[in-house]
Amino acid sequence: MADISQDELDDIYAFAVNLGKEAGSMLLDAAKLRIGDNRATQEQKEHVQKENAVDLVTETDEELEAFIRKAIAEKYPLHKFVGEESYSKGASRDYLIDDSPTWCIDPLDGTVNYIHLFPMFCISIAFIHKSKPLVGVINAPFLNQFFSSCSGRGAWLNESQQLPLIRNPIPPMPEKAPSGCVFSCEWGKDRRDIPDGNMHRKIESFVNMAAELGGRQGRGGMVHGVRSLGSATLDLAYVAMGSFDIWWEGGCWEWDVAAGIAILQEAGGLITTANPPPNEATAPIEAVKLGSRLYLAIRPAGPSSTETARETQERTVREVWRRVRNLDYSRPGA
């Protein structure tokens, strides 16, 4: 597959931005119906009263994905499409992204948040070529936050504020990171209460990151704060903003992270694997594998008086690895 020119990528970006806005309006309208928007028709009101919240969310999910998929097929009929809703209905769990131009979509990330009308829910649209996310659009309409990026063109909040937000200068990672950092994590869907299962490993890792320095047999990280948004997509967007310093997670799928990875990397952030290697002090820090389901993201950083920006990020990666447990989220073909 030939490379995509910058002009072609700019056109794809403009299309993705417009698509994200249209889908965001649809999602916001659906949320307002559940709130009881007086502008709703009687038929719409009766439909909302008849259906339970979970059914309505499923319906919204499916309608949004169908809308996005149709728009992409009309504009780019030769591009592949991977969507959360269509994938979840298939029998296979194979990794479907290859070198082909591919759109990777989550029509509604933060489903539980949306059910409860907690505003951390969004639409996620990514364009991927040669397995690399090149365009990312994340629209959180209830928050009026629209994140976007195009490879070579920067990453943006509401199309006007370049990311990260603090830029004069962009601060390095804290000298004693993860101390002084805001750490983002999620409980995930694997809640099996089994010894040494993913949930127990996550809990141990969370406590290690939060405990006082010197505690937990030297693994205490004394992070500044721990946050859990309930949306991996928005976790990554907030890391790209610089509002979160670190995000550590296992269990996500590619549509949960593709747009966020595009935005984070274009903003200058680093993303690698969540699982610590056998020797975390010397192992190479490799680029993340999109379908690996294991992610560790570090915010964009500037240089310090003794380190380059990348060195401050890599130091933080190794300090996180020293405190977290390996997670087991395998999948075929990734």
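The values are calculated or read from the model by the stated rules, or taken from the named source; none is laboratory data. On a predicted model such as this, the values are computed, not experimentally measured, just so you know. Methodologically, a virtual Cβ is constructed for each residue, glycine included, from the backbone with ideal geometry; neighbour enumeration extends over all protein chains shown.
Touching a Ser or Thr at 6+ places or on another chain (Cβ under 9 Å) and part of a loop (DSSP other than H, G, I, E, B): which single residue out of 285, 263 fits that description?
285
For segment 1-20, how many residues meet the condition of being surrounded by fewer than 17 Cβ atoms within 10 Å (Cβ to Cβ) and in a helix (DSSP H, G or I)?
Residues in segment 1-20 being surrounded by fewer than 17 Cβ atoms within 10 Å (Cβ to Cβ) and in a helix (DSSP H, G or I): 7 in total.
Quick check on my filter: what residues within segment 133-161 are free of Cβ contacts under 8 Å to residues at least 24 places away in the same chain and assigned to a strand (DSSP E or B)?
Result: 156, 161.
Would you please name the residue that is surrounded by the fewest Cβ atoms within 10 Å (Cβ to Cβ), looking only at residues in segment 103-136 that are over 16 Å from residue 235 (Cβ atoms) and aliphatic (A, V, I, L, M)?
117
Identify, by number, the condition in (1) without any contact (Cβ under 8 Å) to a residue 24 or more places away in the chain; (2) out of contact with any strand residue (DSSP E or B) (no Cβ under 6 Å at 6 or more places or on another chain) that residue 276 doesn't meet.
It fails just one condition, (1).
Please work out if residue 39 is charged (D, E, K, R) and at pLDDT 60 or above.
no
Could you figure out which of (1) within 22 Å of residue 293 (Cα to Cα); (2) surrounded by fewer than 14 Cβ atoms within 10 Å (Cβ to Cβ); (3) of a type in the set (Asp, Glu) isn't true of residue 175?
(1)
How many of the residues in segment 87-107 are more than 14 Å from residue 62 (Cβ to Cβ), hydrophobic (A, V, I, L, M, F, W, C) and at pLDDT 90 or above?
Number satisfying all stated conditions: 2.
Pairs, please: C-beta under 9 Å, at least 6 apart or cross-chain, first residue at positive phi and in segment 177-203, second part of a helix (DSSP H, G or I)?
188/198; 188/199; 188/202
Consider only pairs whose beta carbons are under 9 Å apart and that are at least six residues apart or on different chains; among these, list those whose first residue lies in segment 1-13 and is under 18 Å from residue 155 (Cα atoms) and whose second residue is hydroxyl-bearing (Ser, Thr, Tyr).
Close Cβ pairs (under 9 Å, with a partner that is hydroxyl-bearing (Ser, Thr, Tyr)) amount to 6/151; 9/151; 12/76; 13/148; 13/149; 13/151.
Scanning segment 145-189 for residues that are out of contact with any strand residue (DSSP E or B) (no Cβ under 8 Å at 6 or more places or on another chain) and charged (D, E, K, R), which turns out nearest to residue 235 (Cα to Cα)?
Restricting to residues being out of contact with any strand residue (DSSP E or B) (no Cβ under 8 Å at 6 or more places or on another chain) and charged (D, E, K, R), the top hit is 189.
Is it the case that residue 192 is over 16 Å from the mean Cα position of the chain (by Cα) and surrounded by 16 or more Cβ atoms within 10 Å (Cβ to Cβ)?
No, not satisfied.
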